[in-house]
Amino acid sequence: MVDLSLTEEQQAFRQVARDFLEREAVPHRQAWDRAESVDLSIVAKMAEIGFFGLTIPEEYGGLGGDYQTYVLAMEELGRADTSLRGIVSVSNGLVGKSILGFGTEEQKQEWLPALASATRLGCFGLTEPGTGSDAGNLETRAERDGDDYVLTGQKLWITNGTWADVALVFARTGGPGPRGVTAFLVPTDSEGFEAREIKGKLGLRGQATAELFLDHVRVPASARLGEEGRGFTIAMTTLDKGRVSVAAGCVGLVQACLESAVSYATERTQFGRPIAGFQLVQDMIADISLDADAARLLVWRCADLLDRGLADTAEFRIAASKAKLFASEAAVRAANTCIQVYGGAGYVDDHPAEKYLRDARVLTLYEGTSQVQKLLIGRHETGISAFT
């Protein structure tokens, strides 16, 4: 595993996180997968370790800390159970960091301490049935009515949707296109707000994924996050950082595939010796190992850029796209190869290999598909946009 120049504090946090997850998550992940829900008691336990407070300033109830520590935490969550990473990343990252970056002091005081302690969870309401990659053309509307806004619309594939206490909802307040989108912090107990859990997913079955319905949901103007018409910018800025979290979780998943494949290959015997001694099995293990290190270094470059205050630069945005693209595709490759090492045993859920593949597959889709990442990288390299 690549370590480079981690500080003692970063290494210590990684070890604490790994020990905790080996004890509290790994033994239960297959049962959670079958039940299609993690045991929610683990959320409070993760908050005690500090997962939800990373990079949230101490003045708002967080741990502070750097992005290098954050990506180490996301990697450990991805290694243990990718469903857990999504819970933390959405509530702390997409919602918490949006409030931190664009919220008023009152909004920060109201929401950040609760999100950092996980006494409240957040969800990120951007995707709709008709708009995924084309988020600038979303249809949910927010009409101004005196001192309030009234929101009507539908959201889809929303992580934490049925567990969240606050939804960061993006809605149209102006004309067509990205400049007409505004962001709102909507309490999920608001009248007219409904969340319906989506069951039967291929992977990430332990986390709640929901469809949200907003039927004339009234919120005060103080619930608006940022200025009118700035919602799309808020969403895209947040997703740039979110891609780093996804990529870090992918690194953890690749690492889990590597460790699982090595463990099985050294124990399983055929033709009188461990299958780890066969050249083509070592070839497969070497591929996973290479992907783990390459993906990790791409993620750590992003963390370094963030820690140096370069989040608003083209250098960071492209680095995040590259990390997300490579790491998510590497996770699919690694999981598929892990099953191949296991052979038929990898095809049933007595072993984790098949779960790794099911969980990995969606990682190339959300927070920007692999194809969108390639278009962003291509635009950066050529100066020509393929989006229009």
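The values are calculated or read from the model by the stated rules, or taken from the named source; none is laboratory data. Worth saying up front: this structure is predicted, and the values here are computed from it rather than measured. Methodologically, a virtual Cβ is constructed for each residue, glycine included, from the backbone with ideal geometry; neighbour enumeration extends over all protein chains shown.
Can you go through 257, 250 and tell me which one is in a helix (DSSP H, G or I) and touching a Cys at 6+ places or on another chain (Cβ under 6 Å)?
Numbers: 250 fails: touching a Cys at 6+ places or on another chain (Cβ under 6 Å).
Exactly one residue qualifies, and that residue is 257.
Of all residues in the stretch 352-369, count the ones that are among the acidic types (Asp, Glu) and modelled with pLDDT of 95 or more. Break it down stepwise before answering.
So the first thing to find is which residues in the stretch 352-369 are among the acidic types (Asp, Glu), and the list is 354, 359, 367.
Subsequent filtering for residues that are modelled with pLDDT of 95 or more retains 354, 359.
Looking only at that region, the number is 2.
Scanning the stretch 18-50 for residues that are farther than 22 Å from residue 200 by Cα, free of Cβ contacts under 8 Å to residues at least 60 places away in the same chain and under 18 Å from the mean Cα position of the chain (by Cα) yields 42, 50. Only residues that are part of a loop (DSSP other than H, G, I, E, B), of a type in the set (S, T, N, Q) and surrounded by fewer than 21 Cβ atoms within 10 Å (Cβ to Cβ) were counted across the stretch 128-141, and they come to 1. If we only count helices (runs of 4 or more DSSP H) wholly inside the stretch 274-388, which ones have 1 or more residues that are farther than 18 Å from residue 79 by Cβ? The qualifying helices (runs of 4 or more DSSP H) are 279-307, 314-342, 370-382.
Does any residue of the stretch 318-341 turn out to be without any contact (Cβ under 8 Å) to a residue 24 or more places away in the chain and closer than 22 Å to residue 55 by Cα? Yes, some residue in the stretch 318-341 is without any contact (Cβ under 8 Å) to a residue 24 or more places away in the chain and closer than 22 Å to residue 55 by Cα. None of 327, 334, 323 is within 15 Å of residue 360 (Cβ to Cβ) and in contact with a Lys or Arg (Cβ under 9 Å, 6 or more places away or on another chain) except 327.
Conditions (1) surrounded by 17 or more Cβ atoms within 10 Å (Cβ to Cβ); (2) acidic (Asp, Glu); (3) not in a strand (DSSP E or B), marked per residue:
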| site | (1), (2), (3) |
| --- | --- |
| 143 | no, yes, no |
| 167 | yes, no, no |
| 202 | no, no, yes |
| 215 | no, yes, no |
| 236 | no, no, yes |
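Annotation: residue 365 fulfils all but one of (1) surrounded by 17 or more Cβ atoms within 10 Å (Cβ to Cβ); (2) under 21 Å from residue 126 (Cα atoms); the unmet one is (1).
Checking residue 184 against (1) free of Cβ contacts under 8 Å to residues at least 60 places away in the same chain; (2) in a helix (DSSP H, G or I), which test does it fail? With respect to (1) free of Cβ contacts under 8 Å to residues at least 60 places away in the same chain; (2) in a helix (DSSP H, G or I), residue 184 is out only on (2). Is it the case that residue 258 is surrounded by 19 or more Cβ atoms within 10 Å (Cβ to Cβ), assigned by TED's automatic domain parsing to the domain that holds residue 328 and out of contact with any helix residue (DSSP H, G or I) (no Cβ under 6 Å at 6 or more places or on another chain)? The answer is no for residue 258. When every residue of the stretch 65-82 is checked against the conditions, at least one turns out to be farther than 23 Å from residue 115 by Cβ, at pLDDT 95 or above and either assigned by TED's automatic domain parsing to the domain that holds residue 288 or not small (Gly, Ala, Ser) (or both). Scan the stretch 230-245 for residues that are of a type in the set (Ser, Thr, Tyr), over 15 Å from residue 184 (Cβ atoms) and within 14 Å of the chain's Cα centre (by Cα) and the total you get is 1.
Residues satisfying the criterion are absent from the stretch 336-344 (criterion: aromatic (Phe, Trp, Tyr) and surrounded by fewer than 15 Cβ atoms within 10 Å (Cβ to Cβ)).
Is it true that residue 174 is under 22 Å from the mean Cα position of the chain (by Cα) and in contact (Cβ under 8 Å) with a residue 40 or more places away in the chain? Even if it seems obvious, please write down each step before you answer.
Values: under 22 Å from the mean Cα position of the chain (by Cα): no; in contact (Cβ under 8 Å) with a residue 40 or more places away in the chain: yes.
No: the conditions fail for residue 174.
Within the stretch 187-200, the only residue that satisfies the criterion of being over 22 Å from the mean Cα position of the chain (by Cα), assigned to a strand (DSSP E or B) and of a type in the set (D, E, K, R) is 194. Regarding residue 316, is this residue modelled with pLDDT under 95 and either buried (at least 23 other Cβ atoms within 10 Å of the Cβ) or not charged (D, E, K, R) (or both)? Considered against the rule, which asks whether it is modelled with pLDDT under 95 and either buried (at least 23 other Cβ atoms within 10 Å of the Cβ) or not charged (D, E, K, R) (or both), residue 316 comes out as no.
Condition first: assigned to a loop (DSSP other than H, G, I, E, B) and out of contact with any Asp or Glu (no Cβ under 6 Å at 6 or more places or on another chain). Now tell me which residues in the stretch 145-165 satisfy that. Steps first, please.
Residues of the stretch 145-165 assigned to a loop (DSSP other than H, G, I, E, B): 146-147, 160-165.
Selection gives 146, 147, 160, 161, 163, 164, 165.
Take the conditions of a type in the set (S, T, N, Q) and within 18 Å of the chain's Cα centre (by Cα) and apply them to residue 104. Does it pass? When the stated conditions are applied, residue 104 does not pass them.
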